[in-house]
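The values are calculated or read from the model by the stated rules, or taken from the named source; none is laboratory data. All values reported here derive from a predicted model rather than from experimental measurement. Note that each Cβ is placed from the backbone with ideal geometry, even for glycine, and that neighbours are counted across all protein chains shown.
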Amino acid sequence: MDRFIIDNWTQEDYNSLILYLKSQADLKYRDFHSKLIPNCDKEYFIGIRVPVMRKLGKAIAKGNPRSFLKVCGNKYYEESMLYGIVTCSIKTESFSDFSSLMESFVKRMNNWALCDSCKFTELKKYKEEYFSYIEKYLNSDNPWEIRYGIITMFEYKEDKKYLDDILVRLKNINYDHYYVKMAKAWLTAELFAFHKDEVFNFLKKNYYDKETFLMTCSKIRDSRRVSDKDKEEIKEFKKVSLDKL
């Protein structure tokens with residue numbers, strides 16, 4: 001991987017990277033992975049496993065990551081994944097720098113896997129500011145931007161300071177898209193694990209449509225952070241609530 005620690009990326013360097021990725025392709029993994037992302041054609045994937053991608057991204061980040069971003073293409077899923085990994089590794093100079101970098105990655109998102117791939121190492125520096133900033137993604141008409149905004153709020157799930165605002169945001173997202181609904185359910189389940197009483201009261205108000213509600217109950221019952229007692233309570237609550245939806 002050391003050959004991709006580069007200070008000034010050229011198109012020739014980038015072409016070499018693509019050739020390297022193709023030489024490492026696992027076609028069985030490509031076929032499997034493409035089935036998990038049904039809105040993208042199989043040809044969009046080269047077939048590189050995530051640990052390999054992260055190792056490669058780490059090497060690129062040791063050189064000049066911003067130079068890499070300037071030449072990075074988006075023909076293949078792995079290119080956009082690398083773009084995200086490298087973007088999230090950059091030490092930012094200001095909130096404007098951070099939000100601009102993340103915006104450039106968000107524009108590439110066209111599936112759930114890219115939305116979920118961010119490792120927000122820099123977010124802690126701008127936590128308050130970015131919480132307000134991501135409202136624009138939640139109000140988008142692009143389902144992948146909405147999902148990104150929801151996934152970003154996972155970074156705030158343990159802090160009760162943000163809980164009420166997160167629940168209001170979840171209530172107000174009514175975009176009819178499977179991966180948006182699943183993200184809502186997933187975040188709600190995570191919040192339930194840390195703030196059971198508040199989230200249970202939220203669910204009792206029937207803000208969610210039937211599909212999202214069922215997803216949420218399922219996610220809560222799948223969570224390792226939720227006790228068996230609370231899982232049983234959710235199971236009974238689901239039975240009682242279905243007639244009201």
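Listing for the model above:
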{"quantity": "Failed item in (1) in contact with a Phe, Trp or Tyr (Cβ under 9 Å, 6 or more places away or on another chain); (2) at pLDDT 95 or above, with residue 81 passing the rest", "calculated": "(1)"}
{"quantity": "Exclusive hit being among the charged types (D, E, K, R), out of contact with any helix residue (DSSP H, G or I) (no Cβ under 7 Å at 6 or more places or on another chain) and within 14 Å of residue 102 (Cβ to Cβ), set 210, 161, 136, 171", "calculated": "136"}
{"quantity": "Any pair with Cβ under 8 angstrom, 6 or more apart, that starts in segment 46-75 at a residue that is at positive phi and assigned by TED's automatic domain parsing to the domain that holds residue 117 and ends at one that is part of a loop (DSSP other than H, G, I, E, B) and surrounded by fewer than 19 Cβ atoms within 10 Å (Cβ to Cβ)", "calculated": "47/25; 47/26"}
{"quantity": "Segment 1-16, subset in a helix (DSSP H, G or I) and of a type in the set (D, E, K, R), residue surrounded by the most Cβ atoms within 10 Å (Cβ to Cβ)", "calculated": "13"}
{"quantity": "Helices (runs of 4 or more DSSP H) (entirely within segment 161-245) containing at least 3 residues that are surrounded by fewer than 19 Cβ atoms within 10 Å (Cβ to Cβ) and over 22 Å from the mean Cα position of the chain (by Cα)", "calculated": "196-204, 228-241"}
{"quantity": "Hey, residue 198 closer than 21 Å to residue 137 by Cβ and not aliphatic (A, V, I, L, M) or not", "calculated": "no"}
{"quantity": "Hits in segment 69-112 - residues which are out of contact with any helix residue (DSSP H, G or I) (no Cβ under 7 Å at 6 or more places or on another chain), over 24 Å from residue 132 (Cα atoms) and surrounded by fewer than 17 Cβ atoms within 10 Å (Cβ to Cβ)", "calculated": "70, 75"}
{"quantity": "Residues of segment 125-144 that turn out to be outside any loop (DSSP other than H, G, I, E, B) and without any contact (Cβ under 8 Å) to a residue 24 or more places away in the chain, as a count", "calculated": "3"}
{"quantity": "Hits in segment 210-236 - residues which are touching a Lys or Arg at 6+ places or on another chain (Cβ under 9 Å) and either among the basic types (Lys, Arg) or at pLDDT below 95 (or both)", "calculated": "221, 231, 235"}
{"quantity": "Some residue of segment 101-123 being closer than 23 Å to residue 38 by Cβ, in contact with a Gly (Cβ under 8 Å, 6 or more places away or on another chain), outside the structural domain of residue 77 (by TED's automatic domain parsing) and not in a helix (DSSP H, G or I)", "calculated": "no"}
